[in-house]
Amino acid sequence: MLIIGCSNSRDLAKKIAVKARRHGKVKYSELETARFPDGEIYVRYNVPVKDKKVVLVQSFYGNISDEMIEVVFAAQTAKDLGAKEVTLVAPYFPYFRQDKRFKPGESISIQVIAKMLNRFIHRLIVVDPHLHRLKSMYDVFTCRCHNLSADPAIARYIEQNIKNVIIIGPDWESYRWAEKTADIIGCESAILEKKRYSATKVDVRINKKIDLKDKTVVLVDDIISTGHTMQEAIKDLKKIGAKKFVIICVHSLFVGNAMDRLKKTGARIVSCNTIKHKTNKIDVTSIIETALKHHIMETA
Ligand code: R5P
């Protein structure tokens, strides 16, 4: 197997490759990438890919469109050069939130992206894809899909680092992360109700009586983007007596001044390393390596 670090995830790819070696023969190489003066993207493999199982590792944040084109170029080129198959490991995969036509005339982005990638990749591995209206990745992808969960790693972090915990999901969609993590730890959990008025205006209400006395409130969600959801949740929880907060997310998008907004709440901020960020404290590479294990052993 040949693990290829794409431009956004070289460190993560290297780490996965090192761990994956215990299951069989795994080589690591970096995709050479460059940009022409007019903005065109250039990619090149520095190692032969013929007859190899190629695994591209790329997380999509920052300049998503360029990162996506880079992967399409890399995947198609691998096939063109005779690779046996192409897997994309996308620790964070974008566009899942635009999974329906909210207003007439809108593009259902995840369908478009999936249709494009289906042509180039055989297998897709994603950590906590934001499946909301879609029930499964197979609703849009035809390649083999692996939907990995960071819950066990988040639960381990909480157990090892935080005492007297209550886990709260800031909106009903977050129940999958909040409740599952609480189940693993065996602690209490609650979910809040969120009303979103626009991309930056959200209102959050508590729908259950909870005893927050002396507790550390751990808010768990899949994505933090602008940080408004977490900010509103903390504002409301403070009104009913909560004092200590830890915010944990899988995917730390933290767009614009999200970090400043969240720091003002006084909460400790922790994220998984699906997206490289200074708040990364939870490592998901073992979860990815385990998903690749079977695939590597088939190669041997
Ligand atoms: C949405 O359903 C997600 O689970 C997050 O709650 C959302 O993306 C957070 O967005 P923001 O940080 O912009 O409030």
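The values are calculated or read from the model by the stated rules, or taken from the named source; none is laboratory data. Predicted model only: the values in this text are computed from it and were never measured. Ideal geometry is used to build each Cβ from the backbone, glycine not excepted, and the neighbour counts take in all protein chains shown. Note: areas computed on protein heavy atoms with side chains; ligands, DNA, RNA excluded. Shrake-Rupley method; radii C 1.70, N 1.55, O 1.52, S 1.80 Å.
For R123, state whether it is buried (at least 19 other Cβ atoms within 10 Å of the Cβ) and within 17 Å of A90 (Cα to Cα). Considered against the rule, which asks whether it is buried (at least 19 other Cβ atoms within 10 Å of the Cβ) and within 17 Å of A90 (Cα to Cα), R123 comes out as yes. Summed over the stretch 196-232, the residues that are more than 10 Å from the ligand (Cβ to nearest atom) and either in a loop (DSSP other than H, G, I, E, B) or modelled with pLDDT under 90 (or both) give a count of 14. In the set D151, D171, only one residue is crowded, with 18+ Cβ neighbours inside 10 Å and either closer than 17 Å to I287 by Cα or of a type in the set (F, W, Y) (or both); that residue is D151.
Being under 23 Å from the mean Cα position of the chain (by Cα) and within 12 Å of the ligand (Cβ to nearest atom): is that true of V246 here? Criteria not met by V246.
Output yes when any residue across the stretch 182-193 is within 26 Å of D99 (Cα to Cα), without any contact (Cβ under 8 Å) to a residue 40 or more places away in the chain and open to solvent by less than 20 Å² (accessible area, probe 1.4 Å), and no when none is.
For the stretch 182-193, residues within 26 Å of D99 (Cα to Cα), without any contact (Cβ under 8 Å) to a residue 40 or more places away in the chain and open to solvent by less than 20 Å² (accessible area, probe 1.4 Å): absent.
I'd like to know if the stretch 131-148 contains one or more residues that are in contact with a Ser or Thr (Cβ under 6 Å, 6 or more places away or on another chain) and surrounded by 21 or more Cβ atoms within 10 Å (Cβ to Cβ). Looking through the stretch 131-148, none of the residues is in contact with a Ser or Thr (Cβ under 6 Å, 6 or more places away or on another chain) and surrounded by 21 or more Cβ atoms within 10 Å (Cβ to Cβ).
Output yes when any residue across the stretch 141-155 is in contact with a Cys (Cβ under 6 Å, 6 or more places away or on another chain), within 16 Å of the ligand (Cβ to nearest atom) and either within 21 Å of I110 (Cβ to Cβ) or part of a strand (DSSP E or B) (or both), and no when none is. Yes, some residue in the stretch 141-155 is in contact with a Cys (Cβ under 6 Å, 6 or more places away or on another chain), within 16 Å of the ligand (Cβ to nearest atom) and either within 21 Å of I110 (Cβ to Cβ) or part of a strand (DSSP E or B) (or both).
Would you mind finding the one in K135, K84, K52 that is of a type in the set (K, R) and modelled with pLDDT under 95?
Among K135, K84, K52, only K135 is of a type in the set (K, R) and modelled with pLDDT under 95.
The residue that is least open to solvent (accessible area, probe 1.4 Å), counting only those in the stretch 253-285 that are under 16 Å from E232 (Cβ atoms) and among the polar types (S, T, N, Q), is T265.
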